[in-house]
Amino acid sequence: MNVWADKERTADERVEALLDQMTVTEMASQLGAFWPRPKERKEGGGEVAPMESAMSSGEFEEVSRDGLGHLTRVFGSAPVAVEEGVDNLARFQGRVVERSRFNIPAIAHEECLTGLTAWRATVYPAAIAWGATFDPELIEEMASAIGQDMAALGVHQGLSPLLDVVRDYRWGRVEETIGEDPLLVGTLGTAYVKGLQGAGVLATLKHFVGYSASRAGRNHAPVSIGTREIEDILLPPFEMAVREGRVASVMNSYSDLDGVPAAASRHLLTHVLRERWGFEGTVVSDYWSVSFLHAMHRVVDDLTEAGALSLHAGMDVELPETGAFAHLEEAVERGILDEADIREAARRILRQKAQLGLLDEGWDPATAGAAIDLDSPRNRAIARRVAEESVVLLANDEGLLPLQEPRKIALLGPIADDALTFLGCYSFPNHVMQRHPDMEMGLDLVNLADAVRAEFADAEVAVEAGVPILEPDTSGIDAAVEAAKNAEVAIVAVGDKAGMFGKGTSGEGCDVVDLSLPGVQADLVEAVLATGTPTVLLVVSGRPYSMGAFAGRAAAVVQAFMPGAEGGMAMAGVLSGRVNPTGKLPVGIPDHPGGQPGTYLAPPLGWFSDGVSNLDPRPLFPFGHGRSYTTYEITDLSLSADEVPTDGELEVTVTVANTGGRAGAEVVQVYLSDLTGQVVRPLKQLVAYVKVPLEAGESRTVTFGLHADLMSFTGLDKTRIVEPGAMEVKVGASSEDLPLIGAFELTGEVREVAEGRVLLPTVSLG
């Protein structure tokens, strides 16, 4: 038996034995990919990746003649039945194995941001909805279910989660993010990683790093931010997933950061990831980003230079197809690339193949996958729970919700009868099926109208769209107004429909100039409010939209962030009270359409300051906000010490009580404020949270352990430090609802924080 095929040997022993037998060509072949794209896609029939139709690579026989690293989206490129997809993957893997001198299969990867992107697979809520749950355990359970399905099919790697921290709500990909706070993004993203990888599927972090901080929230725009914003806001979620989640793969950002494309940044891909954080997995390119070094960034003269530059920077695998990396041997011959760089990248991908069992003697592509139910009752139950926990009750001052046995309901707005509005841009129905209008959707979806009818079986429900989502057509408003006048309560459902590259109001390449509701939907809301009928404003969207114009006029306001296939019943359950809402905002809801491209993580000059500017950037509803059908109190703040060494730990204890009449769950949030720093610091920042389920009348104590590392920041000399001085702890139910304030002093010398710092608080419930 060959050493490299011997399961009794260590992965490193097997890989080194294999590399010693490989030619440079064979090693380089492990760094490429092949995408069996449908014919219409190759000809530009609907883009699912930027400039897809302008990019091309060789045919399968050419690309795979000496081996292949990855197979791209065998299931996720066209609507194929599960059985057909399994057969296709086995067929391609068989051809890869046959053409490799060492019979090495490829790693098969798929998108899985809202569940596996495949025909007839459950569509889970979008990532921004995960953020609204504030529930890492639930997100890990969801990811585990997704991973189990993928592994059963023979898929090895998922291109999720996205750990970009929201910096500008106008960016189209806000729906794919988890929120605007690094701790929230990091903890939920790490939970997703643990769930997916616990099921045997490699997770892939994206987009490393800076993508979400593009100028004006425009896709692929340059990123011009400073070191501190990168180190203190954008990098921590990735570091958490690398060090705490042991993630297997990282994908680069498309953007250039201060003039350096991420795909060519040795600082990011090697120094930060590997040397600082100890990352041992593979770096895979976002689709065609290596070729973009030539085609878009213009930092090289040709594809050969692009491949050499990216590989030396730390890239391991070029996705989705072998383009620039097809020229790596030429780069060695030209003297612009060291052969050792090819060997090192091949070592990393072969190590993953060994860990996945792909180097084992007797691996058989014919038995690598099996047909399963991708939309199982288990999946649907998890999707329903995530959706229910993600719905946020923003306002209910008049106590209209939950609705009390209404006899006549007017359900208005373009979201009412379109269940596709519940799904993110990377869901299969929105991502792929729009190119196949003659085929069945393949997924049972209950729209909001049917869900409301089922929830309120004794009520008469009149449904009127009123206006489209985007087109400036107001001809239906009169009918909507008439329906509202004849009803006891009006529900106006407005928001987004996800798409790609301008074919939607939210999603990749669907950026906006301001935060007004798309199209003329605001006109519909105004017209319904003017009727005087008690109105619930229900926003179903991928980004937060300005609601200041409707503040105090709607009897209740509900926000749902693309809640997935079970979203209709989840929202109807909140309206009826069957579901007691527990969601909290992962992003703020702006007051003004043009305001708040920034987030709650603002320094003093970025927040409201009377007499400085006539513009008030404060949100209408802040990060962390969310109401309930019961009431909670957070009391009895206690700090373990008044003074804490710069290498010490502080315990923060509070009591949280359900003071209302029904069971629920409150998210206790802890923020820190550095009162004086050597550099400008955010006014406050989330350092701990926990979602506490409580029965009516129940109370529990919560103790958070906050190591001084959590109080660190990037100082004047651009090293991470903990600085002595006055600090405040603020505890409450949102970033602006913080009634409990305690003070303590960090004491001692300025401490430089070494790599391997404490990233997470401890939490205990009494």
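The values are calculated or read from the model by the stated rules, or taken from the named source; none is laboratory data. Keep in mind the model is a prediction, meaning the values are calculated, not measured. All Cβ positions, glycine included, derive from the backbone under ideal geometry; neighbour counts span all protein chains shown.
Details
- Condition check for GLN21: modelled with pLDDT of 85 or more, under 20 Å from LEU358 (Cβ atoms) and crowded, with 18+ Cβ neighbours inside 10 Å: no
- Among the residues of region 361-374, some residue qualifies, meaning at least one is within 30 Å of LYS691 (Cβ to Cβ) and either of a type outside the set (A, V, I, L, M, F, W, C) or not in a helix (DSSP H, G or I) (or both).
- Total residues in region 128-147, condition within 16 Å of PRO377 (Cα to Cα) and surrounded by fewer than 24 Cβ atoms within 10 Å (Cβ to Cβ): 3
- Note on region 707-723: residues that are touching a residue at least 40 places away in the same chain (Cβ under 8 Å) and part of a loop (DSSP other than H, G, I, E, B) amount to 3.
- Region 729-757 residues that are more than 22 Å from THR701 (Cα to Cα) and touching a residue at least 12 places away in the same chain (Cβ under 8 Å), paired with ones that are in a strand (DSSP E or B) and of a type in the set (D, E, K, R) (beta carbon under 9 Å, 6 or more apart): GLU745/GLU643; LEU746/GLU643; LEU746/ASP674; THR747/GLU643; GLU752/ARG720; VAL753/ARG720; GLU755/ARG720; ARG757/ARG720
- Region 225-240, residues that are in contact (Cβ under 8 Å) with a residue 12 or more places away in the chain and part of a loop (DSSP other than H, G, I, E, B): ILE225, LEU235
- When residues of region 609-644 are limited to those that are hydrophobic (A, V, I, L, M, F, W, C) and under 29 Å from the mean Cα position of the chain (by Cα), the one surrounded by the fewest Cβ atoms within 10 Å (Cβ to Cβ): LEU620
- Matching residues, region 292-338, being touching a residue at least 40 places away in the same chain (Cβ under 8 Å), in a loop (DSSP other than H, G, I, E, B) and not polar (S, T, N, Q): MET296, HIS297, GLY314, MET315, ASP316, GLU318, LEU319, PRO320, GLU321, GLY323
- Applying the condition of being on the phi > 0 side of the Ramachandran plot and among the small types (Gly, Ala, Ser) to region 194-249 and asking which residue is surrounded by the most Cβ atoms within 10 Å (Cβ to Cβ) yields GLY210.
- Among the residues of region 323-348, the one identified as closer than 16 Å to PRO105 by Cα and crowded, with 24+ Cβ neighbours inside 10 Å is ALA346.
- Considering the conditions (1) assigned to a loop (DSSP other than H, G, I, E, B); (2) of a type outside the set (Gly, Ala, Ser); (3) within 27 Å of the chain's Cα centre (by Cα); (4) modelled with pLDDT under 95, LEU31 is excluded by exactly one of them, (4).
- Residues being surrounded by 24 or more Cβ atoms within 10 Å (Cβ to Cβ) and part of a helix (DSSP H, G or I) - total across region 274-291: 3
- Within region 58-70, one or more residues are hydrophobic (A, V, I, L, M, F, W, C), surrounded by 15 or more Cβ atoms within 10 Å (Cβ to Cβ) and modelled with pLDDT of 90 or more.
- Listed by first and then second residue, the pairs linking a residue in region 688-706 that is outside the structural domain of LEU650 (by TED's automatic domain parsing) to a residue that is assigned to a strand (DSSP E or B) and surrounded by fewer than 17 Cβ atoms within 10 Å (Cβ to Cβ), with Cβ atoms under 6 Å apart and 6 or more places separating them unless they lie on different chains, form an empty list.
Yes or no, residue by residue, for (1) touching a Phe, Trp or Tyr at 6+ places or on another chain (Cβ under 8 Å); (2) in a helix (DSSP H, G or I); (3) crowded, with 24+ Cβ neighbours inside 10 Å; (4) not assigned by TED's automatic domain parsing to the domain that holds ILE469:
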residue	(1), (2), (3), (4)
CYS510	yes, no, yes, no
ASP514	no, no, no, no
VAL525	yes, yes, yes, no
VAL528	no, yes, yes, no
THR533	no, no, no, no
LEU538	no, no, yes, no
ARG543	yes, no, yes, no
ALA549	no, yes, no, no
ALA554	no, no, yes, no
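- Residue selected from region 469-504 under the condition touching a Lys or Arg at 6+ places or on another chain (Cβ under 6 Å) and buried (at least 24 other Cβ atoms within 10 Å of the Cβ), by the criterion farthest from SER214 (Cα to Cα): ALA487
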